[in-house]
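Step one of this worksheet: look at the structure below.
The values are calculated or read from the model by the stated rules, or taken from the named source; none is laboratory data. Nothing here was measured: the structure is a model prediction, and the numbers come from that model. Glycine gets a Cβ as well: all are built from the backbone with ideal geometry, and neighbour counts include every protein chain shown. Note: accessible area is taken over every heavy atom of the protein model, side chains too, but ligands, DNA and RNA are not part of it. Shrake-Rupley method; radii C 1.70, N 1.55, O 1.52, S 1.80 Å.
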Amino acid sequence: MRYLLGLIVIVLLAAAGAYVYAGGLPGPAIEIARPVKYVGQSTPVEVVVTAPGAHLSDLTVTFEQNGKQTPLAALAQPSSAKFTQEGTDKVHVSRTIGRDVIPDLKSGPARIVVTAERKVLYGVRRVKTSASHDVQVRLEKPTISVISTKHYINLGGSEVVVYRVTPPDVESGVQVGDTSYPGYPGSGAKMEGIHIVDPAIKIAFIALRYDQDVNTPMWAFAKDEAGNSARADFDKMTFPKPFKKSRIELNDAFLDRVVPSILETTNEVNPQGSNLDKFLVLNGELRRKNAETIANYSKQSSPDMLWGGVVFHPFTNTAVEAAFADQRTYVYGGKDVDRQTHLGFDLARVVNSPVVAANKGKVVHASPLGIYGNCVIIDHGMGVQSLYGHLSSFAVKVGDMVEKEQELGKSGMTGLAGGDHLHFTMLVNGQMVNPVEWWDQHWIQDRIIRKLREASSS
Ligand SMILES: [Zn+2]
């Protein structure tokens, strides 16, 4: 009898010990992934709850503002919230919130509160965790209006749009079909006689890509972190441009020279087969990859207009061997083997002639770049950049500030070049555009400086 009592006591003590121990086990881990800071008219809420080794017994997500609580999701009650099981121990909760879900939603501070509970000790005990995340509700839409006038845009060409956006710190720019161009603060237009002090005024350099439709829709946009957005139209005329067609004869001497030397400088492609097979990979796949690399340099663009509104160096002492957006057909052994668009100007002078910077700016690239061979890219600010390809040598390095007409290196035939020449193009936010406009003093005055002057306060 005493033994039995003793055994019962031991079992009870063990059970009590297990009960206390289980209560000290960690509760579910809660991560409130979204929103990071702002809640607007339509904002996704994302919560991830991890409950190791056991299923969740309860999970609630609540929105709190001005003492009022609105349930957003509860495991027990099916609602508009979406619960997704990820693996064995993770639950992902998502719901989009706004005035439709929270009728009393007001601009100002608020909080998202999550509680989660999991069963331990074969379901005898439960352990609970809660987490909260402070957010800011912003219901007012940004406002945007375009203040520049007479936008004339050539296919493959550039333009400038000046607009006013409030609040000034929201993301804004100009959308041209599938491509967006960021706006930069007007104060970055540092130029003789131009002072844009209103922080609401922004400048966006835009392009109508050579391969876009001449009727591509364009508008200025603003969107804040809460998901509120606004857009504004602007007056515009667009003009188609006839692009030339040309034929390039490929021969074995050319392929045997350029294919191995380009492959030596890149590991982005690894083509097999004959030199013609390899050439087709370089001319297609590597050309596209190089275009992406080049476009990425726009992210490093200075918010200041470094070139000061001075016309770009036109390279007039050279022979134009190819123009912007020439439609090239490549021929080998009498057969058409490839088609590509040539997005730049080929300018030839004499072998190893000095290549100069088209305008003032900062060197962001000075090394081999695939089909462009030894290549320099200069940032002129606000998304405007220029590219110099096929050089034989460099006279500058990344980070150098260069003056207009400062030597960058010597011309050559590195990369995909049939002979010694400079491949030159202008870039607007990473898109290759026709340099002819940037070589034209009248175009610079009328398309860019006029609009900046109209937005200037003095
Ligand atoms: Zn070229």
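Conditions tested, residue by residue: (1) assigned to a strand (DSSP E or B); (2) in contact with a Cys (Cβ under 8 Å, 6 or more places away or on another chain); (3) touching a residue at least 40 places away in the same chain (Cβ under 8 Å); (4) farther than 26 Å from S298 by Cβ.
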site	(1), (2), (3), (4)
A110	yes, no, yes, yes
V113	yes, no, yes, yes
A116	yes, no, yes, yes
D134	yes, no, no, yes
L139	no, no, yes, yes
I153	yes, no, yes, no
V162	yes, no, yes, no
A204	yes, no, yes, no
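Among the conditions (1) touching a Lys or Arg at 6+ places or on another chain (Cβ under 7 Å); (2) surrounded by fewer than 16 Cβ atoms within 10 Å (Cβ to Cβ), M237 misses just one, which is (1). Filtering segment 291-310 to residues that are over 30 Å from V259 (Cα atoms) and surrounded by fewer than 16 Cβ atoms within 10 Å (Cβ to Cβ) leaves K299, Q300, P303, V310. Taking segment 258-364 as the region of interest, the strands (runs of 3 or more DSSP E) fully inside it that hold 3 or more residues being closer than 30 Å to K241 by Cβ and either without any contact (Cβ under 8 Å) to a residue 40 or more places away in the chain or away from the ligand (no atom under 16 Å from the Cβ) (or both) are 335-342.
Just give me the residues in segment 240-250 being open to solvent by 80 Å² or more (accessible area, probe 1.4 Å) and not basic (K, R), in sequence order. Passing the criteria: P240, P242, E249.
Residue selection: S393 fails the criterion of being under 24 Å from V161 (Cβ atoms) and polar (S, T, N, Q).
Among the residues of segment 367-389, those identified as within 16 Å of the ligand (Cβ to nearest atom), assigned to a strand (DSSP E or B) and open to solvent by 10 Å² or more (accessible area, probe 1.4 Å) are P368, N374. Here G399 meets the list (1) away from the ligand (no atom under 14 Å from the Cβ); (2) touching a residue at least 40 places away in the same chain (Cβ under 8 Å) almost entirely, failing just condition (2). F243 meets all of the listed conditions (1) farther than 25 Å from Q385 by Cβ; (2) modelled with pLDDT under 95 but one, namely (1). Given the criteria within 15 Å of the ligand (Cβ to nearest atom), farther than 30 Å from G186 by Cα and surrounded by fewer than 22 Cβ atoms within 10 Å (Cβ to Cβ), does G409 qualify? Taking the combined requirement at face value, the residue does not satisfy it. Scanning segment 390-432 for residues that are part of a strand (DSSP E or B), out of contact with any His (no Cβ under 6 Å at 6 or more places or on another chain) and within 26 Å of A325 (Cβ to Cβ) gives L391, L408, G409, H421, L422, F424, T425, M426, L427, V428, Q431, M432. Pairing each residue of segment 408-436 that is without any contact (Cβ under 8 Å) to a residue 40 or more places away in the chain with any residue that is surrounded by 23 or more Cβ atoms within 10 Å (Cβ to Cβ) and assigned to a loop (DSSP other than H, G, I, E, B), provided the two are 6+ apart or on different chains, yields no C-beta distance under 7 Å.
Being surrounded by fewer than 16 Cβ atoms within 10 Å (Cβ to Cβ), among the basic types (K, R) and over 18 Å from G373 (Cβ atoms) holds for only one residue in R288, R257, R339, and it is R339. Filtering segment 162-177 for residues that are loosely packed, with under 15 Cβ neighbours inside 10 Å and either modelled with pLDDT of 95 or more or of a type in the set (G, A, S) (or both) leaves a non-empty set.
For the condition open to solvent by 40 Å² or more (accessible area, probe 1.4 Å), over 27 Å from D104 (Cβ atoms), at pLDDT below 85 and polar (S, T, N, Q), T88 qualifies. I need the full set of residues from segment 412-455 which are open to solvent by less than 20 Å² (accessible area, probe 1.4 Å) and of a type in the set (G, A, S), in order please. Within segment 412-455, G412, G415, A417, G430, A455 qualify. Check segment 112-127 and report whether any residue there is open to solvent by less than 30 Å² (accessible area, probe 1.4 Å) and under 31 Å from the mean Cα position of the chain (by Cα). Checking segment 112-127: at least one residue is open to solvent by less than 30 Å² (accessible area, probe 1.4 Å) and under 31 Å from the mean Cα position of the chain (by Cα).
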